[in-house]
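Working notes, structure below.
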Amino acid sequence: MAKWADGTVLVAAVAVTPASVTVKAGIMTGEVTELKVMERVEQGSNRVVSPAKLTGTLRLKNTSANQTVRLVTGKILYIGAQGQPIELEASRNEPVVKFTTYGNERLDPGQDGTQSLDVEFPAEALKAKKLKEIRLELAYIPSPYREESINFTVSIGAGK
């Protein structure tokens, strides 16, 4: 039988991130909202049970009047106080946003979309005054958008 000896797990929401970040990339605009960093730490031993993760909501809008956008990927960069990127620990995954949900990967002119964020957050950035900013790099493919219509006449004649 397993016993928990002072094994209470604390979930800490770290307030090192702003509540929202505005995004502007070419013909794309948007906002990252509801940003939170969560890390689970074992009380007493201070052992990290679940490494820090950044969660939030990414809202994007295609501001072009004549181009469709196919969203490929997004990459989160954590920038330190000295202006240099803060790297993740070697065992953790790169903070990438994938637009794989059907319909979320394409935005027609004027259309907007929402994508959930759930990416790794570097332990180094949790330290006081280490994180200066969070950047989102978007990779997308613009293509001409044309809406066409065709008109044709249908005759309904009397059958013989």
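Every number in this text was worked out from the coordinates using simple rules, so none of it is lab data. These numbers were taken from a predicted model, which means no experiment stands behind them. All Cβ positions, even for glycine, are placed from backbone atoms using ideal geometry, and neighbour counts span all protein chains on display.
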Likely footprinting exposure, 58, 88, fewest C-beta neighbours within 10 Å first: 88, 58
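May I ask you to sort 121, 152 by Cβ crowding, counting other Cβ atoms within 10 Å and putting the fewest first? Intermediate results must be reported in sequence, preceding the final value.
Details: 121 27, 152 4.
By the 10 Å Cβ count, ascending, the order reads 152, 121.
DSSP loop GluC sites (Glu not before Pro) in the range 117-160 with at most 15 other Cβ atoms within 10 Å of their Cβ, which ones? Don't skip to the end; give the middle numbers.
Working: sites: 120, 124, 133, 137, 147, 148; in loops: 147, 148.
The qualifying sites are 147, 148.
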FRET efficiency estimate (nearest 0.05) - Cβ-Cβ, residue 70 to residue 130, R0 45 angstrom: 0.80
Label point distance in nm, residue 116-residue 151, each placed 7 Å from Cα along Cα→Cβ: 4.7
Neighbour cut-off at most 12 other Cβ (10 Å), DSSP loop, trypsin sites (Lys or Arg not before Pro), the range 33-66: 47
Cα-projected label distance for residue 89 with residue 24, points at 7 Å along beta-carbon direction, nm: 3.8
Subset of 61/132; 24/127; 24/132; 98/132; 61/129; 98/129 violating a 22 Å alpha-carbon distance limit: 61/132; 24/127; 98/132; 61/129; 98/129
